[in-house]
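Asks: Quick one: the structure is below, and I'll ask about it shortly.
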Amino acid sequence: MRQNDPHTCPNFDACALVVIDMQNDFVHPKGSVSRPEALEILPATVGLTEHFRQADRHIIHVVRLYDPSGHKAEPCRRTLLENGTELVVPETWGAQIADGLIAPDAAINHEELYWGKPHPLSPKECVLYKPSWSAFHKTQLEWHLLEASANTLVVTGTWFPNCVRQTIYDAMSCHLRVMAVRDCIAGLTDKDCADLEKVGCSVMTAKEIAAQLK
């Protein structure tokens with residue numbers, strides 16, 4: 001945990017939570033490309049999300065959506081989709097956010113998300129579509145954080161080697177203070193945590209962050 005540097009230490013009074021790709025196809029055991037690590041972090045991520053609601057902080061659920069043809073996919077996933085794998089296809093069960101993270105009756109129009117506008121769930125909670133690995137790439141996330149006066153981003157989700165890591169580094173490139181939540185990021189290793197701390201990213205557990213929010 002790195003909190004002593006005045007330029008990188010988290011500001012809990014101006015923090016926002018981002019939840020990356022916690023969708024059924026990535027999380028649920030019946031999902032098309034799910035990993036057990038993603039299911040393991042779900043309870044802690046659900047708990048932290050609720051703490052952010054209670055603390056009246058901003059929450060952004062960032063999702064990935066793929067056209068069945070694969071033409072909107074990253075090159076490394078196009079063959080998988082072209083061969084018939086159904087992966088976070090709009091309006092399917094697999095594209096829905098995993099149970100517990102949002103209200104079960106929340107109606108999300110995936111086709112509208114393609115246009116890039118955040119879909120509000122409440123005044124301080126929304127869903128945002130990302131067209132590639134990073135939650136910042138060709139999205140309104142940076143602008144959304146500026147509007148929320150949030151200078152600290154708390155990062156959770158799946159999977160660290162691609163989408164989560166890219167989001168963290170892009171957040172630091174935007175001069176945001178960044179926290180990686182150790183028990184709410186699938187695929188995060190001890191070595192990854194050490195590497196993140198070397199570049200100014202704090203690493204904390206959900207319990208530690210919840211205590212600071214209180």
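Asks: Taking H placed 1.01 Å from N in the peptide plane, check which residues at least 5 places from residue 59 or on another chain put their amide H under 5 Å from its amide H.
Replies: It is 17, 125, 126, by chain and number.
Asks: Now for a separate question. Can you pull the percent of the chain's accessible area that's carbon plus sulfur, 1.4 Å probe, other chains left in place?
Replies: So the carbon and sulfur contribution to the accessible surface is 51 percent.
Asks: Obtain the nm distance between the two label points defined at residue 194 and residue 76 by a simple spin-label model: each point lies 7 Å from its Cα along the Cα-to-C-beta direction.
Replies: The two pseudo-label positions are separated by 2.3 nm.
Asks: Something else: Taking Rg/Rh (Cα atoms, Kirkwood Rh) as the quantity of interest, determine which of (1) 0.97; (2) 0.99; (3) 0.94 was computed from the displayed structure.
Replies: Evaluating Rg/Rh (Cα atoms, Kirkwood Rh) on these atoms matches (3).
Asks: How big is segment 156-214 on each of its three principal axes, counting only the C-alpha atoms and giving the largest first in Å?
Replies: Sorted largest first, the three principal extents are 30, 25, 18 Å.
Asks: Something else now. Can you run phi through the Karplus equation (6.51, -1.76, 1.60; θ = phi - 60°) for segment 122-136 and list ³J(HN,Hα) in whole Hz, with x for Gly and Pro?
Replies: Per residue, the Karplus-derived 3J(HN,Hα) values read 6, x, 10, 9, 8, 10, 10, 8, 10, x, 7, 4, 6, 6, 9 Hz.
Asks: For residue 86, project a label point 7 Å along Cα to C-beta. Then give me every residue of segment 11-25 with its amide nitrogen under 20 Å of that point.
Replies: Within reach of a label on residue 86: 22-25.
Asks: Next question. Below 14 Å, Cα to Cα, which aspartates and glutamates can residue 72 reach? Residues fewer than 8 away in the same chain don't count.
Replies: Hits, sequence-local ones excluded: 82, 86, 111.
Asks: A follow-up question, please. Treating the angle as unsigned and between 0 and 90°, give the value, to the nearest 10°, between the Cα long axis of helix 36-54 and the longest Cα principal axis of the chain.
Replies: Its long axis makes an angle of about 60 degrees.
Asks: Straight-line reach from residue 191: which aspartates and glutamates have a Cα under 19 Å away, not including same-chain ones fewer than 8 places off?
Replies: Once the sequence-local aspartates and glutamates are set aside, what remains near residue 191 is 37, 183.
Asks: May I pose another question? Just tell me which lysines come within less than 27 Å, Cα to Cα, of residue 214; anything on the same chain fewer than 8 places away is out.
Replies: Leaving aside lysines fewer than 8 places away in the same chain, those within reach of residue 214 are 124.
Asks: How long, wide and thick is segment 107-158, going by the Cα atoms along their three principal axes, in whole angstroms, largest first?
Replies: Answer, in whole Å and largest first: 30, 26, 20 Å.
Asks: Ignoring everything except DSSP H segments at least 4 long, calculate the 222 nm mean residue ellipticity for the chain; use -39,500 (n - 2.57) per segment, divide by total residues, nearest 500.
Replies: After summing the helix terms and dividing by residue count, I get -9000 deg cm²/dmol.
The values are calculated or read from the model by the stated rules, or taken from the named source; none is laboratory data. Just so it is clear, the model here is predicted, and its values are computed rather than measured. Neighbour counts run over all protein chains shown; Cβ positions are idealised from the backbone, glycine included. In case anyone asks, the SASA skips ligands and DNA or RNA and just uses the protein heavy atoms, side chains included. Shrake-Rupley method; radii C 1.70, N 1.55, O 1.52, S 1.80 Å.
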